1. Label-point separation (nm) for residue 193 and residue 108, each offset 7 Å from Cα along Cα-to-Cβ?
2. Quick one: pull the percentage of alpha-carbon pairs in region 47-87 with a separation above 13 Å.
3. For the pair residue 31/residue 59, report the inter-label distance in nm, with labels modelled 7 Å from Cα in the Cβ direction.
4. Can you compute the label reach from residue 174? Point 7 Å from Cα along the Cβ direction, backbone N cut-off under 14 Å, restricted to region 56-84.
Amino acid sequence: MKERNNEAGGIKMMRWNVAGVWNKDEELWNYVTSFECICLVETWLEEKIWMAWKRKLNSGFMWWNFAARREKKKGRVSGGILIAIRKEWIGGKECEAKEQEEVVKGKVLIGGDFNIRIGEGENRGFKEGKERKRNSKDKKVSNEGKFMLEVIGRKGWKILNGNAGRDEEGEYTYTGGRGASVIDYVIVNEEAW
């Protein structure tokens, strides 16, 4: 579990690879909701389960689910991201009347271990004049990767890996006994770019 405390505003943020959300006890959920911004990855929470399950969540937060998906018809789901922002931090009850897309404005930065592969998908940066592909040493694209690229494209976001700073080559983010891959990403909107 990773915690971040933004000293400028005293905002407590957390990111946690939960390996499934439904097996967590009440004491742990109380701890999670002590933060203002929450990002839970590897939730294994499918869209059909999310619709019933979201009523159990703390109503003091706006919740967004990026559903887990199945590679095959049978077998376990993988992936899934659950993001929450405390309502009082983003305007209290006023935010309930707005579309979720309108609530979070300003700089958006999402990062972490997505455990999916997107190859060199997604075009490069903002305001560069011409579009060109981002680089990645990992060329493989998984089904979840295709879905993630679709979501990123719809939102108009960009991936920093292989796209900016000292990672122009798209270096590997995981190296282990079974090889190397790029499965950790940093994603931003135009304002954060």
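Rule-based calculations on the coordinates, nothing more; no lab input. Everything quoted here is computed from the prediction, not taken from an experiment. FYI the Cβ positions are ideal-geometry reconstructions off the backbone, even for glycines, and counts take in every protein chain you see.
1. So the label points at residue 193 and residue 108 sit 1.3 nm apart.
2. 59 percent
3. That separation, rounded to one decimal, is 2.7 nm.
4. Correct set: 78-80.
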